[in-house]
Amino acid sequence: MLELRPNCECCDRDLPPAAAARICSFECTFCPECAETRFGGTCPNCGGGLVARPMRPAALLERYPPRPERTLKAHAACAA
């Protein structure tokens, strides 16, 4: 099952389940702005493409909630 991460790992912006987010095949998670402007649509961790994160149906969020832990990584492009 897809792990819904709660934040952009670059700028730490909140990404609630219904928010637009970009992920790679390893589920690295970024806000659309960082994904496009800082990384050009390519994951800085694995080099894979960043695509729109699918929405989890609201009826399933209680049973399958987003992950509570936040992830931040020190990418050079995030320091700006």
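The values are calculated or read from the model by the stated rules, or taken from the named source; none is laboratory data. The shown structure was predicted, so the numbers you read here are calculated from the model rather than taken from an experiment. When we count neighbours, we look across all protein chains shown, and the Cβ atoms used for this are built from the backbone with ideal geometry, even at glycine. Remember, those area values only see protein heavy atoms, side chains included, never the ligands or the DNA or RNA. Shrake-Rupley method; radii C 1.70, N 1.55, O 1.52, S 1.80 Å.
Quick notes on this structure:
- Every listed requirement among (1) more than 17 Å from ALA74 (Cα to Cα); (2) open to solvent by less than 70 Å² (accessible area, probe 1.4 Å); (3) modelled with pLDDT of 95 or more is met by CYS43 save one, (1).
- The residue that is nearest to MET1 (Cα to Cα), among those in region 12-32 that are among the aliphatic types (A, V, I, L, M) and either open to solvent by 20 Å² or more (accessible area, probe 1.4 Å) or in a strand (DSSP E or B) (or both), is ILE23.
- Residue in region 58-65 that is without any contact (Cβ under 8 Å) to a residue 12 or more places away in the chain, charged (D, E, K, R) and part of a loop (DSSP other than H, G, I, E, B) present: yes
Let's see how each residue does on (1) of a type in the set (Asp, Glu); (2) open to solvent by less than 50 Å² (accessible area, probe 1.4 Å); (3) part of a loop (DSSP other than H, G, I, E, B); (4) out of contact with any helix residue (DSSP H, G or I) (no Cβ under 7 Å at 6 or more places or on another chain):
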| site | (1), (2), (3), (4) |
| --- | --- |
| CYS10 | no, yes, yes, no |
| CYS34 | no, yes, no, yes |
| ARG56 | no, yes, yes, yes |
| PRO68 | no, no, yes, yes |
| THR71 | no, yes, yes, yes |
